[in-house]
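Shown below is the structure under consideration.
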Amino acid sequence: MRKWLCMILAIAVVLSLNTSIFAAPASMPSALDPQGDIAKMYRVNHEMKFDLQGKSALLDGKSIAIDKPILKNGRIYVSLRTLGRTSAGVVSWSPTKQTIRVIMNKEIRPPFQDLMFRIGSDRIYLDDKNALLDEKIPKPFISKGTTYIPVSALKWLGISVSVSDNTMSWAWSNKIIEVLLPHWETDQSQATFTMLYQQDMYTPQYMYTENGGGWSGEAGKVIAKNISIDGRIYNRMQLTADLKPSMNVLLLTAVSVGEKKITVMRKVADPSKVPVQITKSFDDRENLSFTQPTSGYFHVKPNEKIELSGDILFENDRFDKLTVQVLRYDDKSADSYQSYQQMQQFEIPIKNQKFSGSFTLSQKGYYYIQVLSPKYIATTEHGSAMTTWAYIFVDVE
């Protein structure tokens, strides 16, 4: 499968070359893997039509009342009330600032979800001060107590506009990923699952965390086409994900669509056989070894001491200390990309090419322990930087 780097999070400057998440051999899906589609991705189209006299209007085929559009200097303007009737977003008016704020439904995936317009200004604003560069619009105005904006500005909000035979049409769509199975458990090192996607949309993919510091993506393969469900035509995509021990967070996504989180719990019968995962440096060598812990995945009780000790395998005058970041899986996070919350960070000194330290975890949960190198890697933008040298998984029960 083709891999690409999709997003780097600001946990550390991660410069290492990543190896496979786990060295366990690929295996066939177990009976605990999903037997049906875990999600479906589709589009819900919307349309509003109205005559330019404001006498009649239809929203998705149902009659609604709107304000009469205004034609001014050859431009068509519509009221805030008319825009609000679409339910495509939330429209608000600030009389003190003389600004109109429009926050669109995120499922529409507009060019800009949150924009501001100002009475008498030909600019579109991202906030109170910053405007879109090189973009000018007919100036919004107030007439008889009603605020109007130019329909030409709606394209920035994901609404396409057309006029024919004295009738104006607005069109937009919600792009939806409907999760049918948000969580499952398996005892395998891989999970194979399928999802449906509407045939005229981009093919879906999933994203996964890489060493706690970023996200990468994987594509799948189409295994069935022309599936008719709920008035739409779908294809079926099969995807396979490598699994770390314990909790795995996957994001289902596609171009021009948002993302939805699913989780897979990988059960490991014998955690002692899972090695500490050590990442190799650019010259394909490991820089440290561990005497404690003896495995890369284990269970502890709250406040039970966890030892980290071992040897540095190469001499370097800049190898002064290791930095340990402790991250905990956060199932309540509103941001799907922030699935792990940093709980603590501490340093372990390196003396005579050895290191030794300990810590405890007080809260129950699923933890990712990242061991970062000394700041010995020269960069042009950030000065000396760290890289991931090892990572460990801990369940606190």
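Relative contact order, percent, of the chain when contacts are C-alpha pairs under 8 Å separated by at least 6 residues?
Values: 927 pairs, mean separation 65.0, N = 397.
For the chain, the relative contact order is 16 percent.
Starting with the fewest neighbours, write out Ser189, Ser56 ranked by other beta-carbon atoms found within 10 Å of each beta-carbon.
The fewest-first ordering by Cβ neighbours comes to Ser56, Ser189.
Moving to a separate point now. List the residues, sorted by chain then number, that are 5 or more residues from Trp389 or on another chain and whose placed amide H is less than 5 Å from its amide H.
Val371, Leu372, Ser373
Exposure proxy check: Leu251, Leu181, Leu71 ranked by fewest other beta carbons within 10 Å? Could you put the intermediate results ahead of the total?
On the way: Leu251 22, Leu181 14, Leu71 10.
Listed from fewest to most nearby Cβ atoms, that is Leu71, Leu181, Leu251.
I've got another one for you. For P(r) over Cα pairs in 10 Å bins from 0, in percent, one of (1) 4, 16, 18, 15, 11, 10, 11, 9, 5, 1, 0; (2) 4, 19, 22, 19, 17, 12, 6, 2, 0; (3) 4, 11, 11, 11, 10, 9, 8, 7, 6, 6, 5, 4, 3, 2, 2, 1, 1, 0, 0, 0, 0, 0 was computed from the structure I shared and the rest are decoys. Which label?
Answer label, from the structure shown: (2).
So what are the ³J(HN,Hα) numbers for the range 215-226, from phi and the Karplus equation (6.51, -1.76, 1.60; θ = phi - 60°), rounded to whole Hz, Gly and Pro as x?
Computed from phi, the couplings for the range 215-226 are 10, 10, x, 9, 8, x, 9, 7, 10, 7, 10, 6 Hz.
Run lengths n ≥ 4 of DSSP H only: what is the helix-derived mean residue ellipticity at 222 nm for the chain, with -39500 (n - 2.57) per run over all residues, to the nearest 500?
Details: 1 runs with 5 residues, N = 397.
That comes out to 0 deg cm²/dmol.
Find the relative contact order for the range 43-175 and round it to a whole percent, using C-alpha pairs within less than 8 Å whose residues are 6+ positions apart.
Computed value for the range 43-175: 26 percent relative contact order.
May I ask which residue of Thr167, Leu308, Ile100 lies farthest towards the positive end of the charge dipole of the chain, with charges of +1 (Lys, Arg) and -1 (Asp, Glu) on Cβ and the Cα centre as origin?
The listed residue farthest towards the positive side: Thr167.
If neighbour count is taken as other Cβ atoms inside 10 Å, put Val163, Val274, Val300 in order from fewest to most.
Numbers: Val163 11, Val274 20, Val300 16.
Ordered from fewest to most neighbouring Cβ atoms within 10 Å, Val163, Val274, Val300 come out as Val163, Val300, Val274.
We did not get these values from a lab; they are worked out from the coordinates using the rules stated. Remember, predicted model here, so these are calculated numbers, not experimental data. Methodologically, a virtual Cβ is constructed for each residue, glycine included, from the backbone with ideal geometry; neighbour enumeration extends over all protein chains shown.
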